[in-house]
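A short worksheet on the structure shown next.
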Amino acid sequence: MANITAAVIANRNKKHFLGVPAPLGYVAGVGRGATGFTTRSDIGPARDANDVSDDRHAPPASKRKKKDEEEEEDEDLNDSNYDEFSGYSGSLFSKDPYDKDDEEADAIYDSIDKRMDEKRKEYRDRRLREDLERYRQERPKIQQQFSDLKRSLATVTAEEWSNIPEVGDSRNRKQRNPRAEKFTPLPDSVLVHNLGGETTSAINPSSGLASMVPGVATPGMLTPTGDLDLRKIGQARNTLMNVKLSQVSDSVTGQTVVDPKGYLTDLQSMIPTYGGDINDIKKARLLLKSVRETNPNHPPAWIASARLEEVTGKVQIARNLIMRGCEMNPQSEDLWLEAARLQPIETAKAVIAQAARHIPTSVRIWIKAADLEMEVKAKRRVYRKALEHIPNSVRLWKAAVELENPDDARILLSRAVECCNTSVELWLALARLETYDNARKVLNKARENIPTDRQIWTTAAKLEEANNNIHMVEKIIDRSLTSLAANGVEINREHWFQEAIEAEKSGAVRCCQAIIKAVIGIGVEEEDRKQTWMDDAEYCAKENAFECARAVYAHALQIFPSKKSIWLRAAYFEKNHGARESLEALLQKAVAHCPKSEVLWLMGAKSKWLAGDVPAARGILSLAFKANPNSEDIWLAAVKLESENSEYERARRLLAKARGSAPTPRVMMKSARLEWALDRLSDALRLLDEAVEVFPEFSKLWMMKGQIEYQQKRIAEASQTYNQGIKKCPSSVPLWLLSANLEENRGALTKSRSILERGRLRNPKTPKLWLEAIRVELRAGLKEIAGTMMARALQECPNSGELWAEAIFMESKPSRKTKSVDALKRCEHDPHVLLAVSKLFWSEHKFSKCRDWFNRTVKIDPDLGDAWTYFYKFELLHGSEIQQKEVLERCIAAEPKHGEVWCTVSKNIKNWCFKTPDVLKAAIKELAIPI
């Protein structure tokens, strides 16, 4: 009955529409405005395909039509309908073929469009700038709007700055300023007790302070009557603190259990050193455990497990694991060594001893056992016991020998070579410790046991050389090559050269020479001999094996005695790496074989002259005259020798003879220069007049003539001389420069510009002419014109380092660094740009960088005298005495000849006797410190 009643109640509460299909056109939620919609990301539509459509929210027909047209247009403009030539719409004449005439017409139209566009470009750019400026005036930037306020910030004091609140800071000024003095008001009850200067030590229970003290009455609790004593409260607090401290004390000794110094250290030791994820450690631990259980005889699994525990800070677990691994795998070297590493020293000794019992033939185990011993005596005992088990280990013998004194080492080595008769190192070590006779016997035995090793032969040769048996050295080396070839050993030329270099480094010069002589021709074709041998000599020189290089040159000169190039290279090698005596001896042989080589004669004469032996230098030059009767270089070398030694009359006579026998332009120029230097200007002009008649195309004659006339204040004649020289030698840039400078000094600035302009027309893309024209404008104070000319010059000569160097210092200080970067991009390895960058760092007081860039400059071009001059002046101002001396010596060795300031000093006729140090010190005075 109860079940029937429940069913009736359920049917009564059931909704009538449940289980009934939805009426036609019904959309869920449409009554409250929630209609379904479709997006691209939906999988399907919101309505069922069989539902009746609801048009209540559909757009009007006109809008639907417009939307359909747009969709059709989008379909037409699809990428699949795009053609690169015709575009989206297609060609109107697609039915006609596209021939060459059409292509030519299109090209003409394109060129016309491009030209018209270029004509309108300037107008468009100007219009764009005007619009931008107008826009900025109407709507200025926030930065521009507050510029006047920013300027007024300069008057704000530090105190006012500190009082400015941060964004969102609502505190008052005193809270923002922590340095401000703070006042905390006291309660009235306290003030009442202290009125009239009275003092009290108790608190009135009725006051507000009583509730703040422990044990004092609080509202709702019983309170004792009378005043509270503050001193007693303080004493109670101290008593409570003593009780707490006594709780952490040792009851037996009374000492505190807490270690205040080691407390933080102990905490640090509890922190694991591994910083990885704990889950990764657990996974690795489970994985390694599985490996160990699956294959307990796999030593790497035990080692990896122990190292994992060691990394996570559980060293004891790691030790236990590795020892279990050793029990499972007693024959594993790696396991025992890892166990010894993890254990403390004393325990490690026991572990290694156990390992040695299990693996008595392991070299690594015995070496580890010796390393664990601290005393040398104990180490020897370990090694000797190891050699009883492993007598054929070269490594153990070497380690044992290193611990012995020479006598005991010799005894040990004699036993070692019996046990390890194929070890070259042991044989050679024994030979070094033996006497000469015994060493020969040892090396003979070594050759019998090891007939294929070259080191034994070279050691025998070194031994003979050390005992002054020089005649045996070459025989042993020759015999070694024969013996090795007979035993099937390939003679590797490179290896033998390396052996020769090692022999030279050990002091065996004759041995290295014998090796070079024996192997230099092996594997070299006859036509390649000269080049190969020169390469060998350069390689030996780079390795600082100078004796080997000399041996190569000696052999090459023996084969090619008439080759001037080999003699020259050998002479330059001796000049750079040898002594003066060896150079002079080589040059004597050279001129005997190559008497027509003027350079060799001159090198010999210069060497004698630099050594102070002037008569010997004259003798060499006289012999050179006989071999080369009309040689211009020898004539001029003889003149220079006499003039440098103040023998001016002899020099004049030599020049007169030279003009008679070999009247060359250089001889005429040197003759006039000598007369000019001796202040015989009329004789010099007479010689120059004769010379320009005979050699009108030699520009230096015209230059000297014009300079002498200018020195005599004959400005018009000097100008005429320069003009005639320019007509005869239009490609001579120095003539154009001298003529322009003359006109500028006369005040004819326009004429100077004209000359430089004509020079640039006759000599296009000449940086020196552009540079002088720019400097003319700068000296005249016309900086804008100079900047315009610099821009034109860099367009014509974009890779000129001289122009870029000048352009850097024409800029204002903030812009110089940017300009230097552009210069380095264009001329990365140009010495003038590097010198300008060095000066730029100098002006910025970056002395370390400045020194580095000076070094780069003189390394790239050691012939640039200006770089040495600036470098030396920099060291004089900011360097030490050692650095100054080093720069001076390097400059003297380089003997620079070029540079604007350098040539100004060296070419001055008053300084014609100056040597390199004199020119350097005089040029320093002409320089200004970069600013």
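The values are calculated or read from the model by the stated rules, or taken from the named source; none is laboratory data. These figures come from a predicted structure and were not determined experimentally. Backbone-built Cβ (ideal geometry, glycine too); neighbour counts: all protein chains shown. Calculation scope for accessible area: heavy atoms of the full protein, side chains included, ligands and nucleic acids excluded. Shrake-Rupley method; radii C 1.70, N 1.55, O 1.52, S 1.80 Å.
Structure summary
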quantity	calculated
Within the accessible area of the range 835-930 (1.4 Å probe), percent carbon and sulfur	54 percent
Normalised contact order of the range 412-500, rounded percent, pairs of Cα under 8 Å and 6 or more residues apart	20 percent
Prolate/oblate/rounded call for the range 451-560, Cα gyration tensor, a/c under 1.5 rounded	oblate
Sites Glu697 and Asn745 - FRET efficiency at Förster radius 35 Å, r taken between beta-carbons, to 0.05	0.85
Extension gain, Arg775 back to Arg686 (0.36 nm per residue minus Cα-Cα distance, nm)	28.6 nm
Whole-percent carbon and sulfur share, accessible surface of the range 730-800, 1.4 Å	54 percent
Dipole of the range 451-560 [Lys/Arg +1, Asp/Glu -1 at C-beta], most positive-end residue of Met534, Pro451, Ile559	Pro451
Cβ-defined net charge surrounding Val614, 10 Å radius [Lys, Arg +1; Asp, Glu -1]	-2
Label point 7 Å beyond Cα of Val315 along Cβ direction - residues of the range 344-359 with amide nitrogen under 19 Å	344-352
Highest average packing first - 331-339, 800-808, Cβ atoms within 10 Å	800-808, 331-339
Trypsin sites (Lys or Arg not before Pro) within the range 590-643: DSSP coil, no more than 13 neighbouring Cβ in 10 Å	Lys596
Value of relative contact order over the range 278-430, rounded to a whole percent, pairs C-alpha under 8 Å and six or more apart	12 percent
With DNA, RNA and ligands ignored, accessible area of Val27 (1.4 Å probe; Å², nearest 10)	30 Å²
Per residue value of the accessible surface for the range 835-930 (all protein chains in place, 1.4 Å probe), Å²	52 Å²
In Hz, Karplus ³J(HN,Hα) per residue of the range 901-907 (6.51, -1.76, 1.60; θ = phi - 60°; x = Gly, Pro)	5, 4, 5, 4, 7, 5, 7
Linear extension gain, Asp102 paired with Glu402, 0.36 nm per residue minus alpha-carbon span	98.6 nm
Tensor-based shape of the range 595-661 (alpha-carbon gyration tensor, a/c under 1.5 rounded, otherwise prolate or oblate)	oblate
Extended-chain gain in nm, criterion 0.36 nm per residue less alpha-carbon gap, Thr347 and Glu784	148.6 nm
Carbon/sulfur fraction of accessible area - the range 428-563, other protein chains in place, 1.4 Å, %	44 percent
FRET efficiency estimate (nearest 0.05) - Cβ-Cβ, Ile470 to Ser562, R0 22 angstrom	0.15
Point-to-point label distance, Trp912-Ala378, nm (Cα→Cβ direction, 7 Å offset)	8.7 nm
Rounded accessible area per residue of the range 412-514, 1.4 Å, Å²	51 Å²
Approximate spin-label separation His878-Thr157, in nm, with each point projected 7 Å along Cα-to-Cβ	4.2 nm
Accessible area per residue, Å², the range 674-764 with all protein chains present, probe 1.4 Å	50 Å²
Two-site label geometry, Leu24 and Arg792: point separation in nm, points 7 Å out along Cα→Cβ	9.5 nm
Charge sum, other residues only, whose C-beta stays under 15 Å from Glu118's C-beta, Lys/Arg counted +1 and Asp/Glu -1	+2
Karplus 3J(HN,Hα) series, Hz, for the range 372-377 with 6.51 cos²θ - 1.76 cosθ + 1.60 (x for Gly, Pro)	6, 7, 8, 8, 5, 4
At R0 = 60 Å, FRET efficiency that the Cβ-Cβ distance of Lys765 and Lys657 yields, to 0.05	0.85
Coil-residue trypsin sites (Lys or Arg not before Pro) of the range 843-876, DSSP, other Cβ within 10 Å capped at 16	Lys846
Solvent exposure ordering (accessible area, 1.4 Å, most first) of Trp868, Trp853	Trp853, Trp868
Vicinal HN-Hα couplings computed from phi for the range 841-846 (Karplus, 6.51 cos²θ - 1.76 cosθ + 1.60; Hz; Gly/Pro x)	5, 4, 5, 8, 6, 9
Relative contact order %, the range 501-607, counting alpha carbon pairs below 8 Å whose residues are six or more apart	20 percent
